[in-house]
Amino acid sequence: MTGAAHRDHAAPVTIDEDAAAAVVARAHFDDRGLLPSVIQQWDSREVLMLGYMDAEALRRTLTSGRVTYWSRSRQEYWRKGDTSGNIQLLRGAELDCDADTLLVQVEQIGPACHTGARRCFDVDPFLPLAPGASPTDQRPEEDAR
């Protein structure tokens, strides 16, 4: 996507390499070297998705302002929106009290979910499913794309 496509959106926040290295050093990655990352829309506080970052993905996210993940299935880095155009611009990030989970505030441009839904968390487990229905049948109409 070109810069012109995002002219109405503020530039993402970034930090320098030294500050990013300090954040990476504080983070407690799991035994696979991953840090669960809860992705939240910065202005509404709506939870959009969960992704995973290793140390390099975290460094790239903090220094570039574009959220980068480690794909557990493909075993490679990916930036949200590189193929779909539905990018995530970094607005802030916080490690939790144990430093083993990251809260990432983003400006989500387009849907966050690979299904085309605004967010990945929109299936209510407390609503019974109709016979033969799948959990994705619960998606609100405006999110069904």
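Charge tally for GLY51 (other residues, Cβ to Cβ under 10 Å; Lys, Arg +1; Asp, Glu -1): +2. For ASP124 and ALA11, the difference between the fully extended length at 0.36 nm per residue and the C-alpha to C-alpha distance is 37.2 nm.
In this structure, the amide hydrogen of ILE15, modeled 1.01 Å from its nitrogen in the peptide plane, lies closer than 5 angstrom to those of THR63, counting only residues at least 5 positions away or on a different chain. Other residues within the sphere of radius under 13 Å centred on the Cβ of GLY65, judged by their own Cβ, net out at +4 (K and R +1, D and E -1). On a per residue basis, the convex hull of the C-alpha atoms belonging to the range 8-78 measures out at 105 Å³.
Read-outs throughout are calculated quantities, based only on the coordinates presented, and are distinct from any laboratory measurement. A quick note: this is a predicted structure, and the numbers were derived from the prediction, not measured. For neighbour counting, all protein chains shown are included, and Cβ atoms are generated from backbone atoms with ideal geometry for every residue, glycine included.
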